[in-house]
Amino acid sequence: MRVLICDPTAPGATEKMRAAGIEVDVQDDITADELMEVLPAYDGMVVRSRTKVRAPVIDKAKNLKAIVRGGVGLDNIDVDYARSKGIAVMNTPSASSASVAELTIGYLLALARRIPDATASMRAGQWEKKPLSKGSEIAGKTLGLVGCGRIGQEVAKRASALGMDVVFYRRTPTELPHARQVPLDELVRAADYISLHVPHTPDTHHIIGAAEFDKMKAGVYIINCGRGGTLDEEALYEAVVSGKVAGAALDVFADEKEDRGKKLFALPQVIGSPHIGAGTKEAKARVGEEVADRMIGFYREHF
């Protein structure tokens, strides 16, 4: 089996696949045009979020039998089309859960205590003790999780340990020791903090939008470390400007190529990061390990 690594992947994963007998080539900065040229020679490919595996790529890859996506989502792959061509599509859903959950908790605390504002003030040589001493504790507040899969459940455990009352919305009936399941309408009305943890699908597109903001408490905080497109960013902008939303923290955006939330970041109440939720050394190592295990399992079953 010959496999192409298309995006940066932990070196240990490459060595583990090679030790199992797989021929592995690393071109982790390959362009879309280059990919179209070389992919027909490969049986498998490993991608993260950078490389897009759309129908034209799949049609070109005449020998492709397996795609492994290092990460949670499969947004960058035409999954149904690939599977219709007999190509196995796999991901590593649990490897980065803890890292994304910890970033979410970090944002909870940063919003509650205005940590970025305080840092910027200190860098500017100011000592704004009085205006920056108007934060709040998160203990005793209600955190609403929109989506509660692997990452949401990790967030729920951590938030509960910090004394928060955690409620969550999920279509599948689910019993959790650290959180209580409620309808989405109840969640948006009750929560002091709302954090999104759903994939971006037609069903979840703008699952939090203008109608939901209208129902929220005044002074609510919004966090999205899940997927761009699940949060209506224009509606969020209007809610922040109006004062309905006291602050927001975003790690993901509807358009991560061009816009990247630029309009929102003109507002001082909005903080964020460039999609770094899974960007820890521990998560990268676990992703690499799971990528190797998925590809090796496929190789042993089919070759």
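The values are calculated or read from the model by the stated rules, or taken from the named source; none is laboratory data. This one's a predicted model, so the numbers in the text were calculated from it and none came from an experiment. Cβ atoms come from the backbone with ideal geometry, glycine included; neighbour counts cover every protein chain shown.
Please note which helices (runs of 4 or more DSSP H) are completely contained in region 32-125 and include at least 1 residues that are at pLDDT 95 or above and touching an Asp or Glu at 6+ places or on another chain (Cβ under 7 Å).
Working: elements: 32-38, 55-60, 79-84, 97-113, 115-123.
Because the criterion is at least 1 residues that are at pLDDT 95 or above and touching an Asp or Glu at 6+ places or on another chain (Cβ under 7 Å), the helices (runs of 4 or more DSSP H) in region 32-125 that meet it are 55-60, 97-113, 115-123.
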(message) Out of Gly12, Gly21, I need the residue that is in the same structural domain as Arg294 (by TED's automatic domain parsing), more than 26 Å from Asp80 (Cα to Cα), in a loop (DSSP other than H, G, I, E, B) and in contact (Cβ under 8 Å) with a residue 24 or more places away in the chain. Which one?
(response) Gly21
(message) Regarding region 218-241, can at least one residue be identified that is farther than 30 Å from Val24 by Cβ, basic (Lys, Arg) and not assigned by TED's automatic domain parsing to the domain that holds Thr14?
(response) no
(request) List the number of the failed condition for Gly279; all other conditions in (1) in contact with a Ser or Thr (Cβ under 9 Å, 6 or more places away or on another chain); (2) of a type in the set (Gly, Ala, Ser); (3) at pLDDT 95 or above hold. (result) (3)
(request) Please find, among Ala254, Ala266, the residue that is at pLDDT 95 or above, among the hydrophobic types (A, V, I, L, M, F, W, C) and touching a Gly at 6+ places or on another chain (Cβ under 6 Å). (result) Ala254
(request) Exactly one condition in (1) out of contact with any Phe, Trp or Tyr (no Cβ under 6 Å at 6 or more places or on another chain); (2) under 21 Å from Gly144 (Cα atoms) is not met by Ala249; state its number. (result) (1)
(request) Considering (1) out of contact with any strand residue (DSSP E or B) (no Cβ under 9 Å at 6 or more places or on another chain); (2) touching a residue at least 12 places away in the same chain (Cβ under 8 Å); (3) of a type outside the set (Gly, Ala, Ser); (4) not in a helix (DSSP H, G or I), say which one Ile271 fails and leave the rest. (result) (1)
(message) Within region 119-143, take every residue that is aliphatic (A, V, I, L, M) and within 15 Å of His178 (Cβ to Cβ) and give me the one that is surrounded by the fewest Cβ atoms within 10 Å (Cβ to Cβ).
(response) Ala139
(request) Check whether at least one residue in region 210-225 is of a type in the set (Ser, Thr, Tyr), buried (at least 21 other Cβ atoms within 10 Å of the Cβ) and out of contact with any Pro (no Cβ under 6 Å at 6 or more places or on another chain), and report yes or no. (result) yes
(request) For Gly70, work out the one condition from (1) more than 15 Å from Glu290 (Cα to Cα); (2) among the small types (Gly, Ala, Ser); (3) buried (at least 16 other Cβ atoms within 10 Å of the Cβ) it doesn't fulfil. (result) (1)
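Would you list the strands (runs of 3 or more DSSP E) that sit entirely within region 177-258 and hold 1 or more residues that are over 29 Å from Ser49 (Cβ atoms) and within 16 Å of the chain's Cα centre (by Cα)?
The strands (runs of 3 or more DSSP E) meeting that bar number zero.
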(message) If I filter region 144-176 down to residues being in contact with a Cys (Cβ under 8 Å, 6 or more places away or on another chain) and assigned to a loop (DSSP other than H, G, I, E, B), which single residue comes out as surrounded by the fewest Cβ atoms within 10 Å (Cβ to Cβ)?
(response) Thr174
(request) Give the residue, chosen from Arg83, Arg54, that is surrounded by fewer than 16 Cβ atoms within 10 Å (Cβ to Cβ) and free of Cβ contacts under 8 Å to residues at least 12 places away in the same chain. (result) Arg83
(request) Collect the residues in region 174-185 that are more than 20 Å from Leu231 (Cα to Cα) and in contact with a strand residue (DSSP E or B) (Cβ under 7 Å, 6 or more places away or on another chain), keeping them in residue-number order. (result) Thr174, His178, Ala179, Arg180, Gln181
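State the number of residues belonging to region 1-48 that are hydroxyl-bearing (Ser, Thr, Tyr) and under 18 Å from Ser96 (Cβ atoms). Don't jump to the end; show me each part of the working.
Residues of region 1-48 hydroxyl-bearing (Ser, Thr, Tyr): 9, 14, 31, 42.
If we keep only those that are under 18 Å from Ser96 (Cβ atoms) as well, we get 9.
Residues meeting the conditions: 1.
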(request) Would you please name the residue that is nearest to Ala55 (Cα to Cα), looking only at residues in region 86-132 that are among the charged types (D, E, K, R) and in contact (Cβ under 8 Å) with a residue 12 or more places away in the chain? (result) Glu102
